[in-house]
Amino acid sequence: MRTILDLIAFLRENYSHEITRSLLLILTLLISRVAVDRLLAANSRVPVEARRRWSINTRNGLFVTGLAGIGFIWANELQTLAVSMLAFAAALILATKELIMCLSGGVVRQMSNSYTLGDHVEIGTVRGRVVDIGLLSTTVMEIGPNHSSHQMTGRALTFPNSLLLSTPVIRENYMGEYVMHIINVPMAYAVPPTQAERMLMSAAEGACQSHVEVARRHMEDMAKRYLVDIPSVEPRISIQPVDEKRYQLILRIAIPARERQRIEQTILHRFLADCYPVVNLQ
């Protein structure tokens, strides 16, 4: 107890101004954060994505401002301790290696524009829609399971930004509102490949016909904007043998990103109904 009182007295005598200014800075930042959050919550006319983006940018900006302010307030003391703390700093870097890697991953994401809020991304085993981007981690609403579905599972996944330094980022909606979607359909050789290809193409053309022209114009705009080659927006089918019992049809279509699940199910339902029609036993 005596030691704690002596420490408090020492800090009060030597660092009272720095402590006071640090507390005032922290209090100001907290009040600013609460005020911004209340303003965003009260302005219901602003879209949810825009409000979430403002909230995240404000949080990150205030955090950086706080770190810079604390460093400026304690600059003289930190300079005095710099030489004696050199060994400690080296040990601290080793101990906080993962933290530094997370910050580095955040910088890489920002510089390369790997993804932003609302993007559908896949990083390693994580696949989902980005809902929060912090300095150290990213949170996504999971889409799945795996690649067999494109619906939200209701689970939120958070991964450290250090993952960006070693794992490729797949941005599923890089092309914007319209995406190239792949559907794999395994089939037994009991259904002739050419017949299956013809029925699948018919189902795909019926489901995608209303989107083809709009998708073509969108892809042409993306090609001019990003100077990239664009694939054909017409439905395309490839046949790939798997083994002696089955093969698979690989269908590629251009459809709105938000309707991938619905259109895929429409195509599969019609295709399977044509392949295996219901037999009336009466």
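The values are calculated or read from the model by the stated rules, or taken from the named source; none is laboratory data. All of these numbers come straight from a predicted model, not from anything done at the bench. Methodologically, a virtual Cβ is constructed for each residue, glycine included, from the backbone with ideal geometry; neighbour enumeration extends over all protein chains shown. These area figures cover heavy atoms from the full protein model, side chains too; ligands, DNA and RNA do not enter into them. Shrake-Rupley method; radii C 1.70, N 1.55, O 1.52, S 1.80 Å.
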Checklist outcome for this item: Among the residues of segment 227-272, the number that are farther than 16 Å from residue 193 by Cα and either among the small types (Gly, Ala, Ser) or open to solvent by 100 Å² or more (accessible area, probe 1.4 Å) (or both) is 9
Checklist entry - Which members of segment 170-205 meet the condition of being under 25 Å from residue 256 (Cβ atoms), open to solvent by 20 Å² or more (accessible area, probe 1.4 Å), in contact (Cβ under 8 Å) with a residue 60 or more places away in the chain and outside any loop (DSSP other than H, G, I, E, B)? => result 178, 180, 182, 184, 199, 202
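Let me confirm something: among 247, 276, which residue is of a type in the set (Phe, Trp, Tyr) and out of contact with any strand residue (DSSP E or B) (no Cβ under 9 Å at 6 or more places or on another chain)?
On the way: 247 fails: out of contact with any strand residue (DSSP E or B) (no Cβ under 9 Å at 6 or more places or on another chain).
Exactly one of 247, 276 is of a type in the set (Phe, Trp, Tyr) and out of contact with any strand residue (DSSP E or B) (no Cβ under 9 Å at 6 or more places or on another chain), namely 276.
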Item to check | Subset tally (residues that are at pLDDT 90 or above and over 30 Å from residue 241 (Cβ atoms)) for segment 170-206 | outcome: 0
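What number of residues within segment 105-123 satisfy the criterion of being over 22 Å from residue 177 (Cβ atoms) and either touching a Leu at 6+ places or on another chain (Cβ under 6 Å) or open to solvent by less than 50 Å² (accessible area, probe 1.4 Å) (or both)?
To start, the set of residues in segment 105-123 that are over 22 Å from residue 177 (Cβ atoms) comprises 105-112, 123.
Right, trim to either touching a Leu at 6+ places or on another chain (Cβ under 6 Å) or open to solvent by less than 50 Å² (accessible area, probe 1.4 Å) (or both) and you get 105-106, 108-109, 123.
Qualifying residue count for the region: 5.
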Checklist entry - Counting only residues that are polar (S, T, N, Q), under 15 Å from residue 121 (Cβ atoms) and either more than 34 Å from the chain's Cα centre (by Cα) or open to solvent by less than 60 Å² (accessible area, probe 1.4 Å) (or both), how many does segment 154-169 have? => result 2
Checklist entry - In this structure, is residue 209 modelled with pLDDT under 90, open to solvent by 90 Å² or more (accessible area, probe 1.4 Å) and touching a helix residue (DSSP H, G or I) at 6+ places or on another chain (Cβ under 8 Å)? => result no
Checklist entry - When you go through (1) among the polar types (S, T, N, Q); (2) part of a loop (DSSP other than H, G, I, E, B); (3) in contact (Cβ under 8 Å) with a residue 60 or more places away in the chain one by one for residue 162, which number turns out not to apply? => result (2)
Checklist entry - Could you list, in sequence order, the residues of segment 111-139 that are free of Cβ contacts under 8 Å to residues at least 40 places away in the same chain, more than 20 Å from residue 259 (Cβ to Cβ) and either in a helix (DSSP H, G or I) or of a type in the set (A, V, I, L, M) (or both)? => result 111, 112, 126, 136
